[in-house]
1. Residue by residue through region 228-235, what is 3J(HN,Hα) from phi via Karplus (6.51 cos²θ - 1.76 cosθ + 1.60, θ = phi - 60°)? Round to whole Hz and write x for glycine and proline.
2. Take the alpha carbon atoms of region 29-67, find their center, do the same for region 97-138, and report the distance between the two centers in whole angstrom.
3. What whole-number volume per residue, in cubic angstrom, does the convex hull of the C-alpha atoms of region 172-254 give?
4. By accessible area of protein heavy atoms, probe 1.4 Å, what ranking do Asp6, Asp177, Asp243 get, highest first?
5. Could you run the Karplus curve 6.51 cos²θ - 1.76 cosθ + 1.60 with θ = phi - 60° over region 89-104 and give me ³J(HN,Hα) per residue in whole Hz, x for Gly and Pro?
6. Ignoring any ligand, DNA or RNA, what whole percent of the accessible area of the chain comes from carbon and sulfur when the probe is 1.4 angstrom?
7. What whole number of Å gives the distance from the Cα centroid of region 186-239 to the Cα centroid of region 70-93?
8. Can you classify region 45-123 as rounded, prolate or oblate using the Cα gyration tensor, where a ≥ b ≥ c are the square roots of its eigenvalues, rounded means a/c under 1.5, and otherwise it's prolate if a/b beats b/c and oblate if not?
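The values are calculated or read from the model by the stated rules, or taken from the named source; none is laboratory data. Nothing here was measured: the structure is a model prediction, and the numbers come from that model. The protein model used for the area step is the full one, side chains on, heavy atoms only, and it has no ligands, DNA or RNA in it. Shrake-Rupley method; radii C 1.70, N 1.55, O 1.52, S 1.80 Å.
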Amino acid sequence: MHITTDGIVLRERAVDEFDSALTLLTQERGVIWAYARGARKPRSALRVPAELLSYSRFVLFTNRDRYQVDKADLNRLFMGVRGDVERLSLAAYFCQITGEIAPHEEAAGPYLKLLLNTLHLLDTGRRECNFLKPVYELRLMTMAGYMPDLVACSRCGAYEAPAMYFLPQSSCLLCGDCLAHEELREPREQLTPGLLAAMRHILYATPEKLFQFTLPAPSLGALGEITQRYLLLQLDRRFDTLDFYLTMRGHIDG
């Protein structure tokens, strides 16, 4: 049976001299793995549409849970991302975590839309890496069922307090007064009003307004550290693409 679906290449791995194994995020079937015969040949029609970050319309032959790419037409190639090592390394990280937690063999239109919108902003330079990284991390985790409860203090219900703390292991908030009466051994992150407002926005904003907020650079840095720790703690694993991005970021900042 053949199916036609729009999808983006999350990973491209060489199988032999000319063939590739692709990890795709597709509209109708979420994350799937597909074999692309001859995609690595210099003049193959699949060469560009089957590269990492290529957003293409794929014609796939499917037999049970196995897919083979019969044809692919390129929809978009994110050249601005490909031409910058920092942006490319961040995009690769987005792809890796998406492949880890997005639905497999299920419809995943919102995930594809989130990734494409984020890559568009990254590609055009309309948003910087240090803005897009925490937004993508926290929103993706929320969509995948790891949504923290940031409505109010989980003990007393206070929406705002002089001191508010995020507990990444428990995925909730505590105000300073309640925290003082708890014997907690888990990590906690103190949130400024700006950080808490930004995190709430990322969780609850509509897709159209997701990227419509601002934070000063120091607060963006703190937000990125918080969302990164939350993702790594909840998923209980490391990502080599994240390590590489942080290394590149350190070289650039240095």
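1. Going residue by residue, I get 5, 4, 4, 4, 5, 5, 5, 8 Hz, with x marking Gly and Pro.
2. Here the two parts' Cα centres lie 20 Å apart.
3. Numbers: hull volume 12.0 nm³, N = 83.
Taking only Cα atoms, region 172-254 has a hull volume of 144 Å³ per residue.
4. On the way: Asp6 35, Asp177 115, Asp243 60 Å².
Largest accessible area first, the list is Asp177, Asp243, Asp6.
5. 5, 5, 4, 5, 5, 4, 5, 5, 5, 5, x, 6, 10, 5, x, 10
6. Exposed carbon and sulfur together represent 50 percent of the surface.
7. 25
8. Working: a/c = 2.11, a/b = 1.36, b/c = 1.56.
It is oblate, given that a/c is not under 1.5 and a/b is not larger than b/c.
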